[in-house]
Number of protein chains: 2
Amino acid sequence: MGNEEMPLPNKYENFNEWYNEILQKAELIDLRYGVKGFIVYRPNATVIMREIYRLFEKELDRLKHSPCIFPVVIPLEFFEKEARHIKGFLNEVFWIMRAGQHELNKPLVLRPTSETAMYPLYAFWIRSYKDLPLKLYQSNSVYRYETKATKPLLRGREFYWIEAHCAHRTKEDAERQVLEDMEVMSKALHEVLGVPFLLLERPPWDRFAGAERTYAFDVLFPDKSVLQIATTHILGENFSRAFEIVYKDVDGTLKYVQQTCFGIGISRILATLISVHGDEYGLVLPFDIAPTQVVIIPILFKDVGKVVMEKCRALFERLKNEGYRVVLDDSDDRPGAKFYRWEILGVPVRIEVGPKDVERGMVTLFRRDTRERIIVEEKDVERKIEELRRDILRVLRERGEKCLKESLRDVKNRDDLMKLAREGGIGRMAFCGREECASEIKAETEGFEVRGVRVNEKWGKLGVCAACGKEAKEIVYVAKPY
Amino acid sequence: MGNEEMPLPNKYENFNEWYNEILQKAELIDLRYGVKGFIVYRPNATVIMREIYRLFEKELDRLKHSPCIFPVVIPLEFFEKEARHIKGFLNEVFWIMRAGQHELNKPLVLRPTSETAMYPLYAFWIRSYKDLPLKLYQSNSVYRYETKATKPLLRGREFYWIEAHCAHRTKEDAERQVLEDMEVMSKALHEVLGVPFLLLERPPWDRFAGAERTYAFDVLFPDKSVLQIATTHILGENFSRAFEIVYKDVDGTLKYVQQTCFGIGISRILATLISVHGDEYGLVLPFDIAPTQVVIIPILFKDVGKVVMEKCRALFERLKNEGYRVVLDDSDDRPGAKFYRWEILGVPVRIEVGPKDVERGMVTLFRRDTRERIIVEEKDVERKIEELRRDILRVLRERGEKCLKESLRDVKNRDDLMKLAREGGIGRMAFCGREECASEIKAETEGFEVRGVRVNEKWGKLGVCAACGKEAKEIVYVAKPY
């Protein structure tokens, strides 16, 4: 059938090559825009991003967040209000200093994140405890002048995300918000995207600029590096003091609001879906997020084309009415070419209908994850698709979990650490808690970072730091980030 | 019931005041961002914009356009390629010349529109006639350094739109595309948004920079000014020659593609919905575009609260399952306060359920457009809502059409023109076709512009130009634009 040719290399053996080829062959991203760190999202990538956006927007709406839109430019006077924040971002913002033929008298920054755009307005909107919590989110793009090597979707100068910003009455409300944010991400990764993750509290030196605590979702890539795809932060009163966001409490006293913010890296989640699930035949998309969930392909032979096409059309209408995102590929290409195209796009379920199938009242289902064919009675198609929906998710998740488990290793001493640096993976080690020690680890291992403490992990006796031998204070995970 | 107080002035008598108040009282837009021409979209505006985006995206998808995403920055070398285009936009772009502490060696412009961002890639993607038509669209924001007075949503420096860019094989295909674009807009305005419009071909001096022909949708505002909310353009080969977008035709010859582009002003359509349909009580939204289509309000009295709430919840579930966007307002506020809030937000249908209604098996429906109450049997609610869906659209459309008709007047001579300038409205006049004459009209009337020729309008004998007395070549519409 011509679909046995593997279009791509093995991703575990040569991830970079595999990744660049899949971006191109699946027509996801074009890198020829000519401005470093800025990429073009072709339709195949855009429609997946749209589904990812909708997944999270729907969940945030359900949790009583409201969408809003703030300008892409931030005036300098807002941007410089919170001291740590401007320190953290000053070297990585784009500046607009001119418009038309005029020099602007107020320079503007292209937002690298929107705290300093949004919070001046929060100060207007919030007056009383009755205005709290205020939970707003934006689906937008942000701009950071990355000086490190850029990599499409993983690290760029323009990236797409959702940023949710909450103001609360009490510290406890803020804590609960961060737990809710964690739950949003965990649930989406586990129940829809099928991607395993490490949820880590970042060490103090790796917190978001202006945050009191930072929690991050790291996912494992096929080359054993990790990518941060989402973060949620306790901001405390850092910004509310800087921006004077004050409310009158029940007892009449004026208090600063307690703030949190939550970033969901939509373009990074796209990179994750491509990389974690993809294989030598292309993308493999979980059913619920796939822009096309089912593709129907008629296998036509002369004379019997009409009855096959009729069957395909009837099936298409039936599945569409059931609410599936279904495509009938009635183009003139050969079936093999169609198989190739829809496989590289990762469509989870393919239905093949040939003359013999019609005769027998059967159809052939092909599942993209395991590349198996299953023959079912036509009347059972919906039931089988529902079964596949769940089973594809299970298979993808289990594959990911196996990889994550295999890449995890205990690091007991410096030798283990150097072995990890050579072989790659994620190390779990007792750690002294010192930034200096983390810097030494990074230098010696050429890039492994202390990514933080796993949320809710129980520890036994800690002993000494595996890197420096000083007294250990915590168990941390070390990995090489993108 | 406390809802008879009119919160807003009369929009026909004082449009500016009405407009600014509705933006604030309906919590749509915040103007306190502190950068001229940049505004904050609050949740109430954002959710309406989201529906408008979805309406058009769905239609474009149906017509085989595909969504894509290009960077917000355009390198100078792309931007300056088409001579008329750069001439038209050079004085109104924002420049990024610095990032972090570095001066950029390539200055970047913040896109004012994306022709020059997209077409260099079109040159890579298009090789053969088989690649045509290429129909891509972006839902994004663009940036223009407006030097005129800005007005929120109507004229700003950041605005939200959809831009669709097509490449075709033949001129005829391009012509057909422009007709399709016109149909998309006409249908949405007529069948969903209930807004009447004038579809005009702009005179040569008012074409989009780089276009051969420009067609625009103008809508009438309550102060008798007009607003351009969408345009579609024949670009011919202007850009394909500049960007070398060439395809191999069926016969093997190399040809330049024929291009069109289409802009749908989403933030301007929001302004239009607010202004054309709104009244002294707030927004009035057409049913199909309303983020909340039906709100259910329990009228509670002591003792009988429980049975009323049960009825409301059952009704809520029932309508939700039918696919309506429905809210049950079970907050503690008095019914009058709820009425006020949901009226100002323009929710098309309100359902009131009181103890007597429950007793009788009836519910009270309130339609926002005419502010009438209708009592219906509970079992008939869906049927009645469907009737209201259509009838609200009809009422809004007829109101708009009446206004448009009343504002239209024949201009036969200079006196008529000066009368139009004093009284406002849209003039229909015989015109000589000269730019010079149009400039004189604009100067003398303090801002009335020749907006162009109405598409598909049949003319009789033309006579002489109403403004200058020279031989007339066409019938044009003149109006004061925002």
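Rule-based calculations on the coordinates, nothing more; no lab input. Bear in mind the structure is a predicted one, so any value in this text is a computation, not a measurement. FYI the Cβ positions are ideal-geometry reconstructions off the backbone, even for glycines, and counts take in every protein chain you see.
Only Lys, Arg, Asp and Glu count, each charged at its Cβ (+1, +1, -1, -1), so figure out the dipole size of chain A about its Cα centre, rounded to 20 debye.
400
If Rh is defined by the Kirkwood formula over all Cα pairs and Rg also comes from Cα, what ratio Rg/Rh do you get for the stretch B:105-158?
Radius of gyration relative to Kirkwood radius: 1.13.
From largest to smallest, what semi-axes in whole angstrom does the stretch A:15-277 give when each is the square root of 5 times an eigenvalue of its alpha carbon gyration tensor?
Equivalent ellipsoid of the stretch A:15-277: 31, 23, 16 Å, largest first.
How about the stretch A:229-318: which chymotrypsin sites (Phe, Trp or Tyr not before Pro) there lie in a loop by DSSP and see at most 16 other Cβ atoms within 10 Å?
For chymotrypsin sites (Phe, Trp or Tyr not before Pro) across the stretch A:229-318 that sit outside H, G, I, E and B with at most 16 neighbouring Cβ atoms in 10 Å, the list reads A:PHE301.
Per the Debye formula with a single identical scatterer at each Cα and no solvent contribution, what log10 I(q)/I(0) holds for the stretch B:407-479 at q = 0.11, 0.23, 0.26 Å⁻¹?
-0.21, -0.99, -1.28
Relative to the compact globular guide of 2.2 N^0.38 Å, what is the alpha carbon radius of gyration of the stretch B:292-390, as a ratio?
0.98
Check each of the trypsin sites (Lys or Arg not before Pro) in the stretch B:1-91 and keep only those in coil by DSSP with at most 15 other C-beta atoms within 10 angstrom; list them in order.
Answer in residue order: B:ARG32, B:LYS36, B:LYS64.
Put the label 7 Å from Cα along Cα→Cβ for B:ARG318; what are its distances to the other copies, in nanometres, shortest first?
For B:ARG318, the other copies' label points sit at 3.3 nm, shortest first.
When all alpha-carbon pairs of the protein assembly as shown are counted, what percent fall beyond 37 Å?
Tail of the P(r) past 37 Å holds 55 percent of the pairs.
Where nothing but the Cβ of Lys and Arg (+1) and of Asp and Glu (-1) is charged, how large is the charge dipole of the protein assembly as shown around its Cα centre, in debye to the nearest 20?
Dipole of the protein assembly as shown, to the nearest 20 debye: 420 debye.
Which distances, shortest first and in nm, link B:LEU76 to the matching position in the other copies, using label points set 7 Å out along Cα to C-beta?
Those separations, rounded to one decimal, come out as 2.2 nm.
For chain A, find the longest principal axis of its Cα atoms and tell me its angle to the long axis of helix A:15-25, 0 to 90°, nearest 10.
Computed tilt is about 60 degrees.
Please compute the volume of the convex hull spanned by the alpha-carbon atoms of the stretch A:313-465 and report it per residue in Å³.
With only Cα atoms used, the stretch A:313-465 gives 183 Å³ per residue.
Rank A:ILE48, A:HIS85, A:GLY263 by how far each Cα sits towards the positive end of the charge dipole of chain A (+1 on Lys, Arg Cβ; -1 on Asp, Glu Cβ) and give me just the farthest.
Of A:ILE48, A:HIS85, A:GLY263, it is A:HIS85.
Which number comes out as Rg/Rh for the stretch A:35-175 once both Rg and the Kirkwood Rh are worked out on C-alpha atoms?
My calculation puts Rg/Rh at 1.00.
For the stretch B:120-141 and the stretch B:289-339, what is the separation of their C-alpha centers, rounded to whole Å?
First find each Cα centre; the distance between them is then 48 Å.
Given only helices, namely DSSP H runs of n ≥ 4 each adding -39500 (n - 2.57), what is the per-residue ellipticity at 222 nm of the protein assembly as shown, to the nearest 500 deg cm²/dmol?
Using -39500 (n - 2.57) per qualifying helix, the result is -10500 deg cm²/dmol.
What trypsin sites (Lys or Arg not before Pro) in the stretch A:266-347 are in a loop by DSSP, with at most 12 other Cβ atoms within 10 Å of the Cβ?
The qualifying sites are A:LYS302.
Just tell me which aspartates and glutamates come within less than 16 Å, Cα to Cα, of B:LYS36; anything on the same chain fewer than 8 places away is out.
The reachable aspartates and glutamates, counting only those whose Cα sits under 16 Å from B:LYS36, are A:GLU77, A:GLU103, B:GLU92, B:GLU146, B:GLU158.
Could you give the angle, 0 to 90 degrees to the nearest 10, between helix A:43-62's Cα long axis and the longest principal axis of the Cα atoms of chain A?
Between helix and principal axis, roughly 60 degrees.
Assume the label is 7 Å from Cα along Cα to beta carbon: what separations in nm does B:LEU179 have to the matching positions in the other copies?
Going from nearest to farthest copy, the values are 6.3 nm.
For chain A, evaluate the Debye formula with one uniform point scatterer on each Cα (no solvent term) and list log10 I(q)/I(0) at q = 0.06, 0.09, 0.13 Å⁻¹, rounded to two decimals.
Evaluating at q = 0.06, 0.09, 0.13 Å⁻¹ gives log10 I(q)/I(0) of -0.33, -0.71, -1.24.
Sorted from fewest to most neighbouring beta carbons within 10 Å, what does the list A:ILE86, B:ILE274, B:ILE296 look like?
Final ranking by Cβ density, sparse to dense: A:ILE86, B:ILE296, B:ILE274.
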